[in-house]
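Student: Okay, here's the structure, questions in a sec.
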Amino acid sequence: MPKNFFALPTAYNGRTTSLVVSGTPVTRPYGLFAEKDDPSNISFKPESKMDFELEVGVWLSRPVPRGQRLDIAQAKNHILGLTLLNDWSARSIQGFEMLPLGPFNSKSTATTVSPWIVPIEALEAVKCKRHTEQVPPPPSHLVQWVIEDTFDVELSAKLIRDGRIYTLCESNLNVLHWAPAQQLVHLASAGAGLFTGDVFGTGTISSDRINADNEKIGLGCLFERDGDEIRLEGWCKDRRSGEILFGFGDCSGTIVPCLEG
């Protein structure tokens, strides 16, 4: 893991043309990348390693004026609510783009979101402490003084292939090293400003879960093939009864072959 992962929330900017609602097909992209058996041979062809990424989308209700930063104690007042978010990745293209400047076309094919926003007021019922300790401590502008600084949101990713449903991943928002409020504050820290209606993704929410067959079931990103449908699901439960309080709706997309020409 890069050293900066534990020092700040790493991220990259997207664009609104990539944002699509659940159910929108995802076209496999063309891109530039090196051939595995000959790194000097750069090809422009369809991505072979298209993958999903299990994330949560954080939607903003209040702007942060350009040139200003955001106090972490006020971060919650700027969050409208959360959705499920699948930030599809073209891994071969991304691997070629990463050095020295980072992802570009590899992250621009599609970002799928679930069809409604669960408001921050509803999420107050499932506030919780993160399951990971922040070591080393975060920089001063990202230090949260509240114990319950994230939310207990159960998450899963399912694959629908040839009429059968497979569970690919199970996780929870509270396993993230960086809580949504910290990510928002860091996003605003450069002074670029934020608008009402802006959205950012939390990054892949993998976990260390093991299923009944002793298989790792917490990996929040895997390669898929044409015709595969990926469906993300999320829900919040009552801490005492275990009953589901509310869900996030489906966040689904089917990979379709790239366009020729």
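Student: Would you check which residues across the range 202-217 are in contact with a helix residue (DSSP H, G or I) (Cβ under 9 Å, 6 or more places away or on another chain) and either buried (at least 17 other Cβ atoms within 10 Å of the Cβ) or under 19 Å from residue 80 (Cα atoms) (or both) and list them?
Tutor: Answer for the range 202-217, where residues must be in contact with a helix residue (DSSP H, G or I) (Cβ under 9 Å, 6 or more places away or on another chain) and either buried (at least 17 other Cβ atoms within 10 Å of the Cβ) or under 19 Å from residue 80 (Cα atoms) (or both): 202, 203, 205, 206, 207.
Student: Can you find a residue in the range 8-26 that is more than 30 Å from residue 121 (Cα to Cα), of a type outside the set (Lys, Arg) and touching a Phe, Trp or Tyr at 6+ places or on another chain (Cβ under 8 Å)? Walk me through how you get there before you give the answer.
Tutor: Here is the first cut: in the range 8-26, the ones more than 30 Å from residue 121 (Cα to Cα) are 25-26.
Next cut, of a type outside the set (Lys, Arg) only: 25-26.
Among the residues that remain, those that are also touching a Phe, Trp or Tyr at 6+ places or on another chain (Cβ under 8 Å) are: 26.
Checking the range 8-26: at least one residue is more than 30 Å from residue 121 (Cα to Cα), of a type outside the set (Lys, Arg) and touching a Phe, Trp or Tyr at 6+ places or on another chain (Cβ under 8 Å).
Student: Looking only at residues that are more than 18 Å from residue 29 (Cα to Cα), part of a helix (DSSP H, G or I) and at pLDDT 90 or above in the range 101-121, which one is least open to solvent (accessible area, probe 1.4 Å)?
Tutor: Step one: of the range 101-121, the residues more than 18 Å from residue 29 (Cα to Cα) are 101, 113-121.
Then drop every residue that is not part of a helix (DSSP H, G or I), which leaves 101, 120-121.
From what's left, at pLDDT 90 or above: 120-121.
Working: 120: 16, 121: 134 Å².
Here the residue is 120.
Student: Let me ask something else about it. Working only within the range 239-249, note down all residues that are open to solvent by less than 70 Å² (accessible area, probe 1.4 Å), in contact (Cβ under 8 Å) with a residue 40 or more places away in the chain and either small (Gly, Ala, Ser) or out of contact with any helix residue (DSSP H, G or I) (no Cβ under 7 Å at 6 or more places or on another chain) (or both).
Tutor: 248, 249
Student: Say whether the condition of being touching a Leu at 6+ places or on another chain (Cβ under 9 Å), among the small types (Gly, Ala, Ser) and modelled with pLDDT under 95 is met by at least one residue in the range 40-47.
Tutor: Checked against the condition, which is being touching a Leu at 6+ places or on another chain (Cβ under 9 Å), among the small types (Gly, Ala, Ser) and modelled with pLDDT under 95, the range 40-47 yields at least one hit.
Student: Pairs, please: C-beta under 9 Å, at least 6 apart or cross-chain, first residue aromatic (Phe, Trp, Tyr) and in the range 11-29, second assigned to a loop (DSSP other than H, G, I, E, B)?
Tutor: 12/102; 12/103; 12/104
Student: With the structure loaded, tell me whether residue 82 is of a type outside the set (Val, Ile, Thr) and either surrounded by 21 or more Cβ atoms within 10 Å (Cβ to Cβ) or in a strand (DSSP E or B) (or both) or whether it fails that test. Break it down stepwise before answering.
Tutor: Values: of a type outside the set (Val, Ile, Thr): yes; either surrounded by 21 or more Cβ atoms within 10 Å (Cβ to Cβ) or in a strand (DSSP E or B) (or both): yes.
Taking the combined requirement at face value, the residue satisfies it.
Student: Sticking with this structure for a sec: Filter the range 49-68 for residues that are surrounded by 14 or more Cβ atoms within 10 Å (Cβ to Cβ) and touching a helix residue (DSSP H, G or I) at 6+ places or on another chain (Cβ under 7 Å); which is nearest to residue 207 (Cα to Cα)?
Tutor: 56
Student: Any residue in the range 206-223 that's more than 23 Å from residue 178 (Cα to Cα) and of a type in the set (Phe, Trp, Tyr): show its pairings with residues that are open to solvent by less than 60 Å² (accessible area, probe 1.4 Å) and outside any loop (DSSP other than H, G, I, E, B) at Cβ separation under 6 Å, as long as the two are six or more apart or on different chains.
Tutor: Within 6 Å, the pairs are 223/51.
Student: Tally up the residues in the range 172-192 that are hydrophobic (A, V, I, L, M, F, W, C), surrounded by fewer than 22 Cβ atoms within 10 Å (Cβ to Cβ) and in a loop (DSSP other than H, G, I, E, B), please.
Tutor: 2
Student: Also, I was wondering about something else. For the range 218-237, which residues satisfy the criterion of being open to solvent by less than 30 Å² (accessible area, probe 1.4 Å) and either modelled with pLDDT of 90 or more or of a type in the set (S, T, N, Q) (or both)?
Tutor: 218, 228, 230, 232, 234, 236
Student: Does residue 254 qualify as being of a type in the set (S, T, N, Q), surrounded by 11 or more Cβ atoms within 10 Å (Cβ to Cβ) and assigned to a strand (DSSP E or B)? Step through it out loud before you land on a result.
Tutor: Working: of a type in the set (S, T, N, Q): yes; surrounded by 11 or more Cβ atoms within 10 Å (Cβ to Cβ): yes; assigned to a strand (DSSP E or B): yes.
Taking the combined requirement at face value, the residue satisfies it.
The values are calculated or read from the model by the stated rules, or taken from the named source; none is laboratory data. Everything quoted here is computed from the prediction, not taken from an experiment. Positions of Cβ are generated from backbone atoms using ideal geometry, with glycine treated the same way; all protein chains shown enter the neighbour counts. These accessible areas exclude ligands, DNA and RNA; they are computed on the full protein's heavy atoms, side chains included. Shrake-Rupley method; radii C 1.70, N 1.55, O 1.52, S 1.80 Å.
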